[in-house]
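Trainee: My questions all concern the structure below.
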Amino acid sequence: MPDTKLLLEALSALSGCNVESTTGSSQITPHDFITAVALRKYYKQQGFQELEYPSIGTLSVHDDEDLYSSPPPLTEGPGESLKPKVQINLQDFFHPQFDYDFTNIKDGDKTFLRGNENYIRPCGWNRAALYVLDKYSGGNQWLGTGNDAWPVSYHAKNIDGSLGVIVAHKGKPDDTPGFLEAGAASVIQEHTAGNGVYSTPDIKMAEKYCKTFKSKVDGKTYKVVLQNRINPQKRAVCQREDLWVVYIPDGKNDLQRRAIVQESIRPYGLLMKPA
């Protein structure tokens, strides 16, 4: 298992919170964590300044290196003292038995499947497993390797709707989907760029858009990505085949948005590598 202080720094960097360890009960579960991280990005795309999340409180949607602000903010971001404090019990948040260090692994031409879909393993990364076994109704098939398993996706901080639009499907159900330009898609159909939570099955794409942070533990800079399983019934493929989206329709309230994300994305690994 990677250094626990380093793991807390990685979680803090992804969430915009000050994540600390506790010997008591965790304030949030891994599932709550990915939901908050995903919705934080979504709310930012929608022009909101804050996200209210149960058990966490008020989250600023802006990071220290805010790429979306125009003009640039007067301050670099919310100060450490202003960020919500989140406490987790490392023993019930992480599952070291299933850690896997891909740092020196090269798959080459090898292929892997999860839910009958290609699984690009995170070679070059070190994975700290999250404690998600036996946490969902219906068993653990979603986390397996068989036909009932959910495909693997990677959530990176800067992947959003500007990278692609949902595939438009016109005509009969068995017709081949047609690709539309983003402008045409926004006029013809309701699925427009930005209306959802984006991830990718390609770890190389995730790395390109991932969050980085400088550790106070060892002074090094690290990249961090969340490894998830995504519900194939809730996922739409974008114009770019390496981009997936969980669509959130307009007009949904906070509770409904959380429910959509929670039934669509389940995290199981925190990935890190030196930048």
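Trainee: So between GLN262 and ASP134, what do we pick up on full extension, going 0.36 nm a residue minus the alpha carbon distance?
Mentor: Gain on stretching GLN262 to ASP134: 44.5 nm.
Trainee: Continuing with the same structure: Between GLU20 and LYS252, what is the label-point separation in nm under the 7 Å Cα-to-beta-carbon projection?
Mentor: In this crude spin-label approximation the distance works out to 3.4 nm.
Trainee: Using the Karplus curve 6.51 cos²θ - 1.76 cosθ + 1.60 with θ = phi - 60°, what ³J(HN,Hα) values do you get for each residue of region 25-31, in whole Hz, with x for Gly and Pro?
Mentor: 3J(HN,Hα) across region 25-31, in whole Hz: 6, 5, 6, 9, 9, x, 5.
Trainee: Would you give the gap between the C-alpha center of region 105-134 and the C-alpha center of region 1-43, rounded to a whole Å?
Mentor: First find each Cα centre; the distance between them is then 22 Å.
Trainee: Report the calculated FRET efficiency for GLN141 and THR58 (r = Cβ-Cβ distance, R0 = 25 Å), to the nearest 0.05.
Mentor: On the way: r = 37 Å, r/R0 = 1.47.
Between GLN141 and THR58 the formula returns 0.10.
Trainee: Estimate the FRET efficiency between ASP218 and ASP107 by the formula 1/(1 + (r/R0)^6), using the beta-carbon distance for r and 25 Å for R0, to the nearest 0.05.
Mentor: With R0 = 25 Å, the Cβ-Cβ based efficiency is 0.35.
Trainee: In the structure displayed, which of LYS5/LYS273; LYS211/LYS273; LYS41/LYS220; LYS44/LYS211 lie more than 23 Å apart, Cα to Cα?
Mentor: LYS41/LYS220
Trainee: Would you please give the residues with an amide H less than 5 Å from that of ARG229, counting only those at least 5 places away or on a separate chain, with H modeled from the backbone geometry?
Mentor: Here the answer is SER153, ARG266, TYR268, since their amide H atoms fall under 5 Å of that of ARG229.
Values in this text are rule-based calculations from the coordinates and carry no lab data. On a predicted model such as this, the values are computed, not experimentally measured, just so you know. Here the Cβ is made from the backbone with ideal geometry for all residues, glycine too, and neighbour counts use every protein chain on show.
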